[in-house]
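Here's the structure, in structure tokens; my notes come after.
The values are calculated or read from the model by the stated rules, or taken from the named source; none is laboratory data. Because the structure is predicted, anything quoted here is derived from the model rather than measured. Here the Cβ positions follow ideal geometry from the backbone for every residue, glycine too, while neighbour counts run over all protein chains shown.
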Amino acid sequence: MDEQILENIPALPPHQYPLWVKLFGVGVIIATIYSLMLLPEYLVAAKKMRAAQVAYQSGNYDEAIQLYRYILETIPTSKAARIGAAEAIFSNSDKSDDEIGLTLLQGVTLDKDTWARITRVMPVEYQQYFNDVKK
Amino acid sequence: MFFIPGWLIAILTFPGVIAHEIGHRLFADWAKVPVYKVCYFRVGNPAGYVIHGPVNSLKSSFLISVGPFIVNTLLCAVITFPAVFPLYILEAEQYSWVFILLIWVGFSIGMHAFPSNEDMENLVNNVKSAKQSGPLLLAATFFAGLFRLANALRVIWFDAIYAFGVTMLLPWLFGFF
């Protein structure tokens with residue numbers, strides 16, 4: 001804008017903002033603080049997820065199960081943790097806990113690749129409990 | 001590629017517009033530059049603006065022009081950070097409304113990070129009028145060109161692509177992608 005025109009307009013008082021702008025700013029600050037408060041829980045869960053995947057791939061199934069259990073205690077709706085835990089439970093030498101693995105997969109929709117991965121370790125008699133989902 | 005009018009995007013991502021203009025206003029106040037008019041949000045083009053007086057130093061000019069870009073980018077990265085984990089890594093089957101809210105606010109702020117072409121033009125003019133040449137003018141001109149390009153690419157959703165990139169930045173730095 002032309003400087004001459006600007007000279008005729010009074011400048012706004014500095015650091016004085018409308019109430020709604022202040023409230024908006026407070027909202028953004030609260031969102032930022034709340035994000036930072038949520039962060040440790042989810043960051044630790046995500047790190048444990050990575051560690052569980054590594055443990056599973058290294059054949060440390062019991063360690064993987066422990067890690068997945070921790071994640072599910074924190075985020076019970078984690079589909080990746082439920083699938084990973086079931087996979088580890090089916091893979092370990094203790095066959096008495098296989099039913100827990102089956103329970104973990106209850107109500108979970110598995111894509112083709114995950115289903116192929118799971119069926120490699122899942123007892124054959126359990127596979128009858130799963131149905132094809134038409135998309 | 002589908003086209004959505006700019007005013008509709010501005011309405012859907014209004015927290016970003018307001019945060020951007022608050023950034024301009026705050027930096028202008030801190031730099032003791034008189035502000036004559038502020039529109040934090042409106043349905044129109046531009047969706048928000050700050051009219052301020054002449055800038056007295058290059059540092060102030062940089063802060064007023066580029067400050068909101070830095071602040072919006074940082075806010076986007078931090079606000080969306082925890083919400084990325086249940087979505088992409090933990091694959092939570094129920095995505096809490098709190099995370100939806102954080103993603104929306106953070107993503108909107110990220111989408112409105114780019115300085116406008118006018119902001120960058122002001123910066124280049126201030127560098128020129130300060131009789132600065134060489135690396136400073138070159139850097140200002142280069143970044144002005146870069147942001148002009150980014151603004152032009154908004155038609156292909158570059159602002160959303162940028163916000164998505166910023167959202168993924170911290171998880172990536174923490175080794176998750």
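Just one of the numbered conditions (1) within 13 Å of another protein chain (Cβ to nearest Cβ); (2) buried (at least 23 other Cβ atoms within 10 Å of the Cβ); (3) out of contact with any Gly (no Cβ under 8 Å at 6 or more places or on another chain) is not true of B:C76; which one?
B:C76 satisfies every listed condition except (3).
Inside region A:79-135, can you point out the residues that are among the acidic types (D, E) and in contact (Cβ under 8 Å) with a residue 24 or more places away in the chain?
So in region A:79-135, the residues among the acidic types (D, E) come out as A:87, A:94, A:97-99, A:111, A:113, A:125, A:132.
Selection gives A:E87, A:D98.
Which of the residues spanning region A:55-69 are part of a helix (DSSP H, G or I) and either at pLDDT below 95 or away from chain B (no Cβ under 12 Å) (or both)? First the steps, then the outcome.
Going residue by residue through region A:55-69, those that are part of a helix (DSSP H, G or I) are A:55-57, A:61-69.
Within region A:55-69, A:A55, A:Y56, A:Q57, A:Y61, A:D62, A:E63, A:A64, A:I65, A:Q66, A:L67, A:R69 qualify.
Checking the conditions here, which among B:V33, B:V105 is within 11 Å of another protein chain (Cβ to nearest Cβ) and not in a helix (DSSP H, G or I)? Steps first, please.
Values: B:V105 fails: not in a helix (DSSP H, G or I).
Being within 11 Å of another protein chain (Cβ to nearest Cβ) and not in a helix (DSSP H, G or I) holds for just one of B:V33, B:V105, which is B:V33.
From the list A:A31, A:A81, which residue is over 30 Å from B:V35 (Cα atoms), among the hydrophobic types (A, V, I, L, M, F, W, C), surrounded by 20 or more Cβ atoms within 10 Å (Cβ to Cβ) and at the interface with chain B (Cβ under 10 Å from one of its Cβ atoms)? I'd like the intermediate steps shown before the answer.
On the way: A:A31 fails: over 30 Å from B:V35 (Cα atoms).
None of the others qualify; the one that does is A:A81.
Go through the residues of region B:129-139 one by one and say whether even a single one is within 13 Å of the chain's Cα centre (by Cα) and farther than 30 Å from B:F85 by Cβ. Write out each step before concluding.
To start, the set of residues in region B:129-139 that are within 13 Å of the chain's Cα centre (by Cα) comprises none.
The answer is no; no qualifying residue exists.
Is it the case that B:R154 is among the basic types (K, R), surrounded by fewer than 18 Cβ atoms within 10 Å (Cβ to Cβ) and over 27 Å from A:T32 (Cβ atoms)? Reasoning before the result, please.
Working: among the basic types (K, R): yes; surrounded by fewer than 18 Cβ atoms within 10 Å (Cβ to Cβ): yes; over 27 Å from A:T32 (Cβ atoms): no.
Here the answer is no, as B:R154 does not meet what is asked.
Got a number for residues in region A:89-117 being in contact with a helix residue (DSSP H, G or I) (Cβ under 8 Å, 6 or more places away or on another chain), within 14 Å of chain B (Cβ to nearest Cβ) and β-branched (V, I, T)?
The total comes to 2.
Please work out which one of (1) within 11 Å of chain B (Cβ to nearest Cβ); (2) in a helix (DSSP H, G or I); (3) surrounded by fewer than 13 Cβ atoms within 10 Å (Cβ to Cβ) is the condition A:L39 fails and give its number.
Single failed check for A:L39: (3).
Given the criterion of a type in the set (F, W, Y), out of contact with any Cys (no Cβ under 6 Å at 6 or more places or on another chain) and in a helix (DSSP H, G or I), identify the matching residue among B:F177, B:F99.
Values: B:F177 fails: in a helix (DSSP H, G or I).
B:F99 is the lone residue from the list that is of a type in the set (F, W, Y), out of contact with any Cys (no Cβ under 6 Å at 6 or more places or on another chain) and in a helix (DSSP H, G or I).
Run down B:M168, B:M111 and say which single residue is within 14 Å of chain A (Cβ to nearest Cβ), among the hydrophobic types (A, V, I, L, M, F, W, C) and farther than 23 Å from B:L58 by Cα.
Working: B:M111 fails: within 14 Å of chain A (Cβ to nearest Cβ).
Selected residue: B:M168, the only one of B:M168, B:M111 that is within 14 Å of chain A (Cβ to nearest Cβ), among the hydrophobic types (A, V, I, L, M, F, W, C) and farther than 23 Å from B:L58 by Cα.
Out of (1) in contact with a Gly (Cβ under 8 Å, 6 or more places away or on another chain); (2) within 14 Å of chain A (Cβ to nearest Cβ); (3) within 22 Å of B:E121 (Cβ to Cβ), the odd one out for B:A47 is which?
Single failed check for B:A47: (2).
Within region B:108-126, can you find the residues that are in contact (Cβ under 8 Å) with a residue 40 or more places away in the chain and assigned to a helix (DSSP H, G or I)?
Result: B:S108, B:I109, B:G110, B:M111, B:D119, B:M120, B:N122, B:L123, B:N126.
Looking at (1) within 20 Å of A:S58 (Cα to Cα); (2) part of a loop (DSSP other than H, G, I, E, B); (3) of a type in the set (G, A, S), which is the only condition A:G107 fails?
Every condition holds for A:G107 apart from (1).
From the list B:R25, B:R42, which residue is free of Cβ contacts under 8 Å to residues at least 40 places away in the same chain, more than 10 Å from chain A (Cβ to nearest Cβ) and of a type outside the set (F, W, Y)?
On the way: B:R25 fails: more than 10 Å from chain A (Cβ to nearest Cβ).
B:R42 is the lone residue from the list that is free of Cβ contacts under 8 Å to residues at least 40 places away in the same chain, more than 10 Å from chain A (Cβ to nearest Cβ) and of a type outside the set (F, W, Y).
Are any of the residues in region A:10-24 within 30 Å of A:Q128 (Cα to Cα), aliphatic (A, V, I, L, M), more than 9 Å from chain B (Cβ to nearest Cβ) and in a helix (DSSP H, G or I)?
Checked region A:10-24: no residue is within 30 Å of A:Q128 (Cα to Cα), aliphatic (A, V, I, L, M), more than 9 Å from chain B (Cβ to nearest Cβ) and in a helix (DSSP H, G or I).
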